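The values are calculated or read from the model by the stated rules, or taken from the named source; none is laboratory data. Since the model is a prediction, treat every value here as computed from it, not as a measurement. Each accessible area value is taken on the protein alone, full model and side chains, heavy atoms only, with ligands, DNA and RNA left out. Shrake-Rupley method; radii C 1.70, N 1.55, O 1.52, S 1.80 Å.
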Amino acid sequence: MENPFKFGTIVEEDYFTDRVEEVAFICQFINSANHLILISPRRFGKSSVVEKAVKKSGRKHITINLQQVTSVSDLSAKLLREFLKTHPLERVRHLITHFRIIPTLTTNPVTGSIDVSFQPSADATSTIEDVLMLIENTHSNDDRIIIVLDEFQEILDISPGLDRKLRAIMQRQQHINYILLGSQESMMTEIFEDKKSPFYHFGELMRLKKLPRDDFYRYLSERLSVCFPDTSDDLANRILDYTICHPYYTQQLAANVWQVGMLQPELENPVGKAISNIVTTHSLDYERLWIKMNRTKKWILQRMATEKPLQTGEYKTSTIYSSLKNLQKDGFVIYSDKYEIEDPFFKKWIADSI
Ligand SMILES: Nc1ncnc2c1ncn2[C@@H]1O[C@H](COP(=O)(O)OP(=O)(O)O)[C@@H](O)[C@H]1O
Ligand SMILES: [Mg+2]
């Protein structure tokens, strides 16, 4: 029987729960001429919720994950490749021949899709401008396209000044709704909230929260009942207590509990067993992360892992605060209602090794 839980990829259909209001909001929002910015810590479900909304809208759309982009030419090539998946080449060929740098297009014999590449050049920004204006010019007010740029904070890393250049191009466009997603709270806030940033107040800023407990509870207990007909409600509650409703870690733990139930149905505490399985599997990675932390960070994480207060006089408040900010920037700590260690299994590993 297939595991009914899934983690690590964008989830759709059977693996997707709730987010009804968010999907409705995104759909309604992209009907306007405005752009949307979606921020949350990693693995909260941004990519999944946006994919769902964009598909539901029935509009043409292009998604690029900037984490996979290596240069400006590569970004232009990826945008054009995705564009050509929904726009027949015959109709736009003449427009591409006007590009300042002509791309190489080859048909992939396996997939039938068109591969695109641009010669790397000193004037790579003209390629991005040509591609984005091609997309703009093949659409209209009644037929706007959606461009999703995932992990948008990477823009600052791809090439210096790319943010300014992009903003200037986008300024001249009316037929594209941009949805910009990002995981690094501090960088994303800097990009969209700092007056000096070219993307200052570019669009509506939306923050994605964890999944609501009731809904996630129903989702888990329904699926677990196949393996655990008598205890699924209790298991669902224990999983959610442990993961504090974090979408990714909840699915990860549930998938492991399911696995334990299938292989060792006689075990009394499948949640405990699944947790220790996960911690063991990742212990090498945890160790590698741990040895790179400085002493202050180690101390903070140990206190947090054992639910102890940070204000003890051991470190100055300002030191604690700046280390917390740093840990948050690197994704080890997140702030929902309070600061917490992002990964509940790393948290357990830390607590166990004190
Ligand atoms: N609506 C949802 N319902 C159930 N699980 C979800 C949902 N959204 C996300 N998840 C879980 O979280 C994981 C990460 O989702 P993803 O969309 O990749 O997050 P992000 O883009 O914020 O990093 C998914 O693989 C899935 O396990
Ligand atoms: Mg994502």
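Here are some notes:
- Long pairs among 46/195; 85/196; 196/298; 55/297; 52/308, criterion Cα-Cα beyond 31 Å: 85/196; 196/298; 55/297; 52/308
- Taking only the C-alpha atoms of the chain, Rg followed by Dmax gives 23.2, 70 Å.
- What a 1.4 Å probe finds exposed on the chain is 49% carbon and sulfur by accessible area, rounded to a whole percent.
- Cα gyration tensor shape of the range 255-309, rounded if a/c is under 1.5, else prolate or oblate by comparing a/b with b/c: oblate
- As a length-normalised measure over Cα pairs under 8 Å and 6 or more apart, the relative contact order of the chain settles at 19 percent.
- Relative contact order, whole percent, for the range 293-354 stands at 36, derived from Cα pairs under 8 Å and 6 or more residues apart.
- Distance cut-off 29 Å, percentage of C-alpha pairs in the range 30-188 lying past it: 15
- Amide proton proximity set for residue 178, modelled H, under 5 Å, gap of 5+: 36, 147
- Helix-only arithmetic for the chain: the sum of -39500 (n - 2.57) across DSSP H runs with n ≥ 4, divided by the residue total, places the mean residue ellipticity at 222 nm at -15500 deg cm²/dmol.
- Gyration tensor over the Cα atoms of the range 141-228: the corresponding equivalent ellipsoid has semi-axes (square roots of 5 times the eigenvalues, largest first) of 36, 17, 12 Å.
- Cα-based reach from residue 292 at 19 Å (exclusive), listing aspartates and glutamates while leaving out same-chain residues under 8 positions away: 330, 342, 343, 352
- Stretching residue 106 away from residue 226 to a fully extended chain increases their span by 38.3 nm, per 0.36 nm per residue minus the current alpha-carbon distance.
- Taken over the Cα atoms of the range 213-284, the convex hull encloses 76 Å³ per residue.
- Applied to the range 206-220, the Karplus parametrisation 6.51 cos²θ - 1.76 cosθ + 1.60 on θ = phi - 60° returns per-residue 3J(HN,Hα) values of 10, 10, 8, 9, 5, 7, x, 4, 4, 5, 5, 4, 4, 4, 5 Hz, with x for Gly and Pro.
- Distance between the C-alpha centres of the range 75-121 and the range 183-211: 31 Å, rounded to the whole angstrom.
- Proximal aspartates and glutamates to residue 60, defined as alpha-carbon separation beneath 16 angstrom and excluding residues fewer than eight positions away on the same chain: 51, 82, 136, 142, 143
- For the chain, the solvent-accessible area with a 1.4 angstrom probe is 51 square angstrom per residue.
- Net length gained if the chain between residue 276 and residue 322 were fully extended (0.36 nm per residue, minus Cα distance): 13.4 nm
- What the pair-distance distribution of the range 293-354 shows, using all Cα-Cα distances binned every 10 Å from zero, is 22, 62, 16 percent.
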